[in-house]
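The values are calculated or read from the model by the stated rules, or taken from the named source; none is laboratory data. The model shown is predicted, which means the values in this text are computed figures rather than measured ones. Neighbour counts run over all protein chains shown; Cβ positions are idealised from the backbone, glycine included. These accessible areas exclude ligands, DNA and RNA; they are computed on the full protein's heavy atoms, side chains included. Shrake-Rupley method; radii C 1.70, N 1.55, O 1.52, S 1.80 Å.
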Amino acid sequence: MIIAGASVQGTAHLAAAQGCQDAFKAVDLGGAAVLAVSDGAGSRDRSALGAHIAVDAACRLLTEDLPDARETPETWTGWIAGRGRKVVEEYLRAVSGVLGTGASPADAGPLGATLTATAVVPPWLAFVSLGDGFATVVSHDDRCHLVLPQPTGPSGFLSSPGAALRVRTFVVWEPELAAVVLATDGCAPLALDHPSVRGLPPEAGPLPAERFFLGLTATLRGNGGDAEPLRRGLTGPEAGRTGDDLTVLCALVEGR
């Protein structure tokens, strides 16, 4: 697979002299991959560290006991549901270790972070999500599907009470899989279109901006996965519409 990602500091964070509070991580397993992005809560003291803990936990746990591509939908659904709970538990365990002896899950607030992660074993994709990140799948005939939209209500963090019960897990079977792209919420103005762009009513919800996703995947295929054009795009004029940090991470199935 071709894997590429980038995180850039948002303009509001730059103006406030805040560092980038996003994180991403990927594990290349040859014909499979695990991807994770996280957005640290901007109002929390150590949220950047929380985001790094989140992607580390997700990548470690989603590479364990990974089902084969030939497994049944029931196997995949059961596996990712169990992994989702374990990711939250591991995040809280790691945060407690950082905070010191005697710390409880209730003390994890300063390291609050969201998580969007996927295990990619074509044609399967298994997702774990808590928060306001989003994910798009691109098929080899250049169709873009927003398989994980942003929540419409409060999103919460891995450190929020009841996070293990609120984490979302699901699987996607896409035999024409060409790419999957994960993004943090700061990328929404850049990568998502209002439905009116397609002549659709507002209730149709946001749609993936084909110019963004198809341009991104074509560029990465052409340059073999060099992330520098992606980084430049995340710092360009269009990206300036959001003051938040921006992170994009993608995996492209080779030969597609």
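Take Arg256 and decide whether it is loosely packed, with under 13 Cβ neighbours inside 10 Å and either at pLDDT below 85 or over 19 Å from the mean Cα position of the chain (by Cα) (or both). No: the conditions fail for Arg256. Looking at this structure, is Asp226 under 19 Å from Leu146 (Cα atoms) and at pLDDT 90 or above? Against the criterion (under 19 Å from Leu146 (Cα atoms) and at pLDDT 90 or above), Asp226 does not qualify.
Residue-wise test of (1) at pLDDT 95 or above; (2) touching a helix residue (DSSP H, G or I) at 6+ places or on another chain (Cβ under 9 Å); (3) charged (D, E, K, R); (4) outside any strand (DSSP E or B).
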residue: Gly42; (1), (2), (3), (4): no, yes, no, yes
residue: Leu66; (1), (2), (3), (4): yes, yes, no, yes
residue: Glu74; (1), (2), (3), (4): yes, no, yes, yes
residue: Ala81; (1), (2), (3), (4): yes, no, no, yes
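Among residues of the range 147-161 being surrounded by fewer than 21 Cβ atoms within 10 Å (Cβ to Cβ) and either over 17 Å from Ala41 (Cα atoms) or among the hydroxyl-bearing types (Ser, Thr, Tyr) (or both), the one that is modelled with the highest pLDDT is Val147. Taking the range 49-97 as the range and being small (Gly, Ala, Ser), buried (at least 22 other Cβ atoms within 10 Å of the Cβ) and farther than 23 Å from Glu174 by Cβ as the test, the residues that pass are Gly50, Ala51, Ala54, Ala57.
Of the residues in the range 230-245, not one is of a type in the set (Val, Ile, Thr) and either modelled with pLDDT of 90 or more or part of a strand (DSSP E or B) (or both). State whether one or more residues within the range 177-185 are open to solvent by less than 10 Å² (accessible area, probe 1.4 Å), more than 23 Å from Gly40 (Cα to Cα) and within 13 Å of the chain's Cα centre (by Cα). Scanning the range 177-185 turns up no residue that is open to solvent by less than 10 Å² (accessible area, probe 1.4 Å), more than 23 Å from Gly40 (Cα to Cα) and within 13 Å of the chain's Cα centre (by Cα). Report whether or not Ser129 is over 21 Å from Ala191 (Cβ atoms) and among the hydroxyl-bearing types (Ser, Thr, Tyr). For Ser129, the condition - over 21 Å from Ala191 (Cβ atoms) and among the hydroxyl-bearing types (Ser, Thr, Tyr) - is not met.
Among the residues of the range 167-176, the ones that are buried (at least 17 other Cβ atoms within 10 Å of the Cβ) and over 16 Å from the mean Cα position of the chain (by Cα) come to 1 in all. Among the residues of the range 28-48, those identified as open to solvent by 60 Å² or more (accessible area, probe 1.4 Å) and either under 16 Å from Leu99 (Cβ atoms) or among the hydrophobic types (A, V, I, L, M, F, W, C) (or both) are Leu29, Arg44, Asp45, Arg46. Taking the range 186-209 as the range and being at pLDDT below 90, outside any helix (DSSP H, G or I) and open to solvent by less than 20 Å² (accessible area, probe 1.4 Å) as the test, only Gly205 passes. Return yes when Val137 is open to solvent by 10 Å² or more (accessible area, probe 1.4 Å), touching a residue at least 12 places away in the same chain (Cβ under 8 Å) and out of contact with any helix residue (DSSP H, G or I) (no Cβ under 7 Å at 6 or more places or on another chain) and no when it is not. For Val137, the condition - open to solvent by 10 Å² or more (accessible area, probe 1.4 Å), touching a residue at least 12 places away in the same chain (Cβ under 8 Å) and out of contact with any helix residue (DSSP H, G or I) (no Cβ under 7 Å at 6 or more places or on another chain) - is not met. Candidates are the residues of the range 104-114 that are open to solvent by less than 30 Å² (accessible area, probe 1.4 Å) and in a loop (DSSP other than H, G, I, E, B); the one that is modelled with the highest pLDDT is Thr114.
Within the span defined as the range 210-223, every residue fails to be in a loop (DSSP other than H, G, I, E, B) and either free of Cβ contacts under 8 Å to residues at least 40 places away in the same chain or among the small types (Gly, Ala, Ser) (or both).
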